[in-house]
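Data first, discussion second: the structure below is written as C-alpha cells.
The values are calculated or read from the model by the stated rules, or taken from the named source; none is laboratory data. Because the structure is a prediction, the values reported are computed rather than measured. Quick reminder, even Gly has a Cβ in these numbers, built from the backbone with ideal geometry, and neighbours come from all protein chains shown. Just so you know, the surface numbers come from the protein's heavy atoms only, side chains and all, with ligands and any DNA or RNA stripped out. Shrake-Rupley method; radii C 1.70, N 1.55, O 1.52, S 1.80 Å.
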Amino acid sequence: MPEYADIIVDISLEKLDKTFQYRIPRSLQETLQEGMQVIVPFGGGNRTLTGYVTQVTDRCGFDPARIREIIGIAEKGVCLEGQMISLAAWIRRFYGSTMNQALKTVLPVRRKIQEKTRRRLVRTVSEEEAEEFLALFERKHQTARFRLLEALLKQEELDYRLVSEQLHLTAQTVKKLEEMGILRVETDTVWRNPVKKAGAGERPAVLNPEQQAAVRGILSRAGQGDRKPSLIYGVTGSGKTEVYMELIASVLGQGKEAIVLIPEIALTFQTSLRFYRRFGEQVTIVNSRLSEGERYDQMERARKGQVRIVIGPRSALFTPFQNLGIIIIDEEHEGSYKSETVPRYHARETAIQRAQMCGAFVVLGSATPSVESYARALKGDYLLYRLEKRALEKPLPRTEVIDLREELRAGCRSILSRRLRELMEDRLKKGQQTMLFLNRRGYAGFVSCRACGHVLKCPHCDVSMSLHTGGRMVCHYCGYEERTQEACPVCGSSYIGAFRAGTQQVAELVQREFPSARVLRMDLDTTKNKDGHEKILEAFAEGRADILVGTQMIVKGHDFPNVTLVGVLAADLSLYGGDYRASERTFQLLTQAAGRAGRGKEPGIAVIQTYSPDHYSIETAAAQDYPAFFEKETAYRSLMEYPPAAEMMALYLSGTEKEVLEQGAQVLFRAVCRENRDGSIRVIGPADARVARVNDRYRKVIYLKCRDPERLTEMKECLEPRIGESEELRNLSVQFDRNPMNGY
Ligand code: ADP
Ligand code: ZN
Ligand code: ZN
C-alpha cells in the first residue's frame, strides 16, 4: 500500500510546480486515488486547505518523522479538476515527464496577460450591392477580393483572424475592400464568436445509408455503455464531417459537450463555417496562435458552459468541459497529434484515456488511417465504419507513376521527367495550374542507385542508412556504420550517391525550362516572414502564378480549384526517411498530394516520379488501395517488431560535451540492460540522433522495443529516479518518447 501522497493545494495560480507530501492515514490507504480532493493541515496553527492528490507513492521525499497526515477526503468522487489531474498523472506515468510538466499541459494556467483586441470585418453594403461587386471582381479575376466578399455575403460579420488565415488573404485585400466602402474593420476588446449571425440550425444534409449506418452504430453502442473507440475510414469527400456533426448534435441533445480535434493545417475556412452554420454560437475554434490569455478565456467559457463545442488542434483535448460526451479526432493519422515537447503525449491515446474517466466516447476518422489504428480496428479494439463512396459524385484523380530509372536510361537526367514536362506544358497552354511537390519531411540523405533504384539499408533494422560527413553511412536506430561505396552493390553502376535537391533548385530549373511561366516557391525559407505563407497561397489562389513548387506544406488542406496537375518529384525522399514509419508517411503524402489535383470541375492527374515504382507504398498509393498497403506494411512491422507489432520507447539524450554525452549514453544503456533481466525488452543503440547536433548540443538515442506496453512503463519508472541520482546523467537532458513519430 502506498503510504504517501503528493498534494497540490493551489491550481489557480502559477504554483503548479509546488506539491506537498503528506502521509496517507491507514483508513484511507485503500480509497485514496489520484485526482481526489483532500483536506490537509497547512502552515501553523489549525489552518487547513483543500488540495488534490497528484500522486500516491511509496517514496518519501522528506524526513518521515516530520511529515503530516491527510485529514480526510473532501468530496466523494472525482470532480473535473480532479479528472484533469488524474489525466496528468496518467500522462506523466505513460509518456514520462515531471508532474509539473504534465499538469501544465492539461490545466490552462491563469496569467495576467493584457487582453489582445480582436478585429472583425463587417459588411457595410447591402446584399444586392455585394452581388454587383462580386460580379465585378469575378470579371476582373480579382479572386482574393472575390473570396472575401463571397464570405461576407454569407455572413455579415467575420472574425479578422479567421478570414485572413483560412481564406489566404493578405492585409492589403482587406484594406482595399475597406477603401472601397464594402466593409468596415471593427475592434473589440471583449470576446465574441468568430462568426456572428451564422444562421445556426441550418438544415443538415440527409445522410446516405453508409453515413447513417455509422451514426446509428456509434450512437447505439455508446448508448449501451460500450466505450470502445470507433474508427471511421472513408476517403476525402465521403462525408465524414457530416457524420461528426450528426454525432455532435445527438450528444448536445443529451446535455453534453463535444471536442473536435482537427490538425490546424487541415482546418479550412469552409470547414469552420460548416460547424458555425449548424451549431452557431455554441461553437468555438481555437488555434495554437492564441495567446495564453486568450486560451485561458476560451477554456473558462467552456467550463462555464458558454460554449459547448470546441474545435482545435491537439491541445483542445484539454478543454475543461464539465460534462464531456464525445471526442472526435479527424485525420487521426496526422503527426501533429503527437507532442514534440515533454510530455510527448499522443492526442489519440490521451483522448481515449480522458474519455474513459468521464464516460465520453471517442471517434477517429481518416482517409488513410494510421497503421496502429487500423490494426486495432481489425482486431476489434476499435469499431470500424467504412464510407466507401464520395458523397458528391467527384471522381478520384488519375495517378501515373513515372520510373526515373527509365528516364536515366533514356538519357534524361532532369528532375522533371518527359511525361511531367509534357503535362506541365499542356496545363500552361490551357491556363491551368500545376503544383510540384518535393517532400523533404524526415529526409535523412539516404544513398541510392539511380540506375537500378537500389537503396542502401541497415542490415539489422531494415531502414535506409543516412549519409554523414567523411563518406560514412549511419543507421539512426542502432548506430551501425558503413563506408559509402563507389559502385552500386547490385548493378555495379557508378550513379550511386545521396539524393540532393531543394525546392529552390527545382524552382530555378522550372523557370529555365518554362521561361514564360510564373513560378512560385513555398518552403520554410519563403514563409519565414510574417504573412509569407498567406501571401504565397493568396497569389497562387488568385491565379497570379502558374506553377507552385513547395514542400509538404502545399499538400495539406488548401483547395485550389484550378489545379489540374500535381507532380510528386521524388517520392523516394519520404520513402527512405531512415525510420520505420517512412512507408506509411509516403502512402499518406501521396494520397493527399493526389487529392490536390482536380478539386474543381476539371479532372486532375497526379504524377508520381520515383526510382522505386514497384515499392508497395507507391504501388498501393497510385492504386488508392489502402487495405493492400496496410497488409504489406503490417507484414514488415511484424517481421521487424515495430509498432503496432511491438511498442517502442525512445530515450533521447543531449548535452553540450560530446564525451560526457557518450559516457552518459553508455551509463543509461547499462542501466537499461541491468533492469532487463528477463530479456523481454530489445535494447537498440545508443546511436547518434538523426540530427546529431542542434544548437551546440550533441544528441544520442537509445530505443527499447517490447511486446508488452506495461513493461516499458515499468522500465521508464525505474529509470527516472536513477537519472536524477546518477553522476554521469544528472547534467544531461534525458527525455522519453513513447512510440516516437517525428524523430529526434
Ligand atoms: P469528408 O469529411 O469525409 O471529407 P465531407 O463531410 O466534407 O467529407 O463531405 C464532402 C462534401 O459532400 C461536402 O460538401 C458535404 O457537404 C457533402 N455531403 C456530405 N454528405 C452529404 C449528404 N449525405 N448529402 C449531400 N451532401 C453531402
Ligand atoms: Zn544499381
Ligand atoms: Zn540499424
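The table below gives the values:
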{"read-out": "Hits in the stretch 629-671 - residues which are in a helix (DSSP H, G or I) and among the aromatic types (Phe, Trp, Tyr)", "value": "Phe629, Phe630, Tyr636, Phe669"}
{"read-out": "Qualifying residue in the stretch 189-196 (condition: at pLDDT below 90, closer than 26 Å to Asp297 by Cβ, open to solvent by 40 Å² or more (accessible area, probe 1.4 Å) and not in a loop (DSSP other than H, G, I, E, B))", "value": "no"}
{"read-out": "Verdict on Gly43 being at positive phi and either in contact (Cβ under 8 Å) with a residue 40 or more places away in the chain or open to solvent by less than 70 Å² (accessible area, probe 1.4 Å) (or both)", "value": "yes"}
{"read-out": "Condition check for Tyr642: crowded, with 23+ Cβ neighbours inside 10 Å and at pLDDT below 90", "value": "no"}
{"read-out": "Selection from the stretch 390-409 of residues that are within 14 Å of Ile608 (Cα to Cα) and among the aliphatic types (A, V, I, L, M)", "value": "Val401, Ile402, Leu404"}
{"read-out": "All positions within the stretch 488-521 that are open to solvent by less than 50 Å² (accessible area, probe 1.4 Å), over 24 Å from Arg419 (Cβ atoms) and at pLDDT below 90", "value": "Ile496, Gly497, Ala498"}
{"read-out": "Check on Thr484, closer than 18 Å to Arg693 by Cβ, polar (S, T, N, Q), more than 10 Å from ligand 3 (Cβ to nearest atom) and surrounded by fewer than 21 Cβ atoms within 10 Å (Cβ to Cβ)", "value": "no"}
{"read-out": "Criterion: modelled with pLDDT of 95 or more, within 18 Å of Phe275 (Cβ to Cβ) and open to solvent by less than 10 Å² (accessible area, probe 1.4 Å) - qualifying residue of Gly312, Gly365", "value": "Gly365"}
{"read-out": "Selection count where residues are in a strand (DSSP E or B), within 16 Å of ligand 2 (Cβ to nearest atom) and over 34 Å from the mean Cα position of the chain (by Cα), scope the stretch 483-521", "value": "1"}
{"read-out": "Selection within the stretch 484-503 - touching a strand residue (DSSP E or B) at 6+ places or on another chain (Cβ under 7 Å) and touching a residue at least 60 places away in the same chain (Cβ under 8 Å)", "value": "Tyr495, Phe499, Thr503"}
{"read-out": "Failed item, numbered, when Ser680 is tested on (1) open to solvent by 10 Å² or more (accessible area, probe 1.4 Å); (2) not in a loop (DSSP other than H, G, I, E, B)", "value": "(2)"}
{"read-out": "Residue in the stretch 455-468 that is among the basic types (Lys, Arg) and outside any loop (DSSP other than H, G, I, E, B) present", "value": "yes"}
{"read-out": "Residues that are under 22 Å from Asn562 (Cβ atoms), open to solvent by less than 30 Å² (accessible area, probe 1.4 Å) and β-branched (Val, Ile, Thr), drawn from the stretch 583-638", "value": "Ile605, Val607, Ile608"}
{"read-out": "Filter result for the condition that a residue is modelled with pLDDT under 90, more than 28 Å from the chain's Cα centre (by Cα) and more than 27 Å from Ala266 (Cβ to Cβ), over Arg405, Arg450", "value": "Arg450"}
{"read-out": "Breaking point among (1) closer than 22 Å to Pro740 by Cβ; (2) of a type outside the set (Val, Ile, Thr); (3) more than 16 Å from ligand 3 (Cβ to nearest atom), for Cys491", "value": "(1)"}
{"read-out": "Pair list, Cβ < 6 Å and 6+ apart or interchain, from the stretch 232-252 residues that are within 11 Å of Leu207 (Cα to Cα) to residues that are open to solvent by less than 30 Å² (accessible area, probe 1.4 Å) and of a type in the set (Gly, Ala, Ser)", "value": "Lys240/Gly234; Lys240/Gly365; Val243/Ala214"}
{"read-out": "Residue in the stretch 80-96 that is among the small types (Gly, Ala, Ser), in a loop (DSSP other than H, G, I, E, B), open to solvent by less than 70 Å² (accessible area, probe 1.4 Å) and closer than 30 Å to Arg344 by Cβ present", "value": "yes"}
{"read-out": "In the stretch 434-454, the residues that are in a strand (DSSP E or B) and within 14 Å of ligand 3 (Cβ to nearest atom)", "value": "Phe446"}
{"read-out": "Residue in the stretch 257-269 that is open to solvent by 40 Å² or more (accessible area, probe 1.4 Å), in contact with a Leu (Cβ under 9 Å, 6 or more places away or on another chain) and part of a helix (DSSP H, G or I) present", "value": "no"}
{"read-out": "Helices (runs of 4 or more DSSP H) fully within the stretch 289-393 counting 2 or more residues that are touching a residue at least 12 places away in the same chain (Cβ under 8 Å) and closer than 28 Å to Gln552 by Cα", "value": "347-358, 371-379"}
{"read-out": "Which listed residue is more than 27 Å from Leu537 (Cα to Cα) and either modelled with pLDDT of 90 or more or not acidic (Asp, Glu) (or both), from Phe629, Phe560, Phe587", "value": "Phe629"}
{"read-out": "All positions within the stretch 348-372 that are touching a strand residue (DSSP E or B) at 6+ places or on another chain (Cβ under 7 Å), under 14 Å from His333 (Cβ atoms) and more than 16 Å from ligand 1 (Cβ to nearest atom)", "value": "Arg348"}
{"read-out": "Residue that is over 20 Å from Ala606 (Cα atoms), of a type in the set (Lys, Arg) and buried (at least 21 other Cβ atoms within 10 Å of the Cβ), where the choices are Arg386, Arg354, Arg413, Arg409", "value": "Arg354"}
{"read-out": "Condition check for Cys449: touching a residue at least 40 places away in the same chain (Cβ under 8 Å), within 16 Å of ligand 2 (Cβ to nearest atom) and surrounded by 15 or more Cβ atoms within 10 Å (Cβ to Cβ)", "value": "yes"}
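Condition check ((1) within 14 Å of ligand 2 (Cβ to nearest atom); (2) touching a strand residue (DSSP E or B) at 6+ places or on another chain (Cβ under 7 Å)) across all residues:
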{"residue": "Arg409", "(1), (2)": "yes, no"}
{"residue": "Arg418", "(1), (2)": "no, no"}
{"residue": "Phe437", "(1), (2)": "no, yes"}
{"residue": "Gly453", "(1), (2)": "yes, no"}
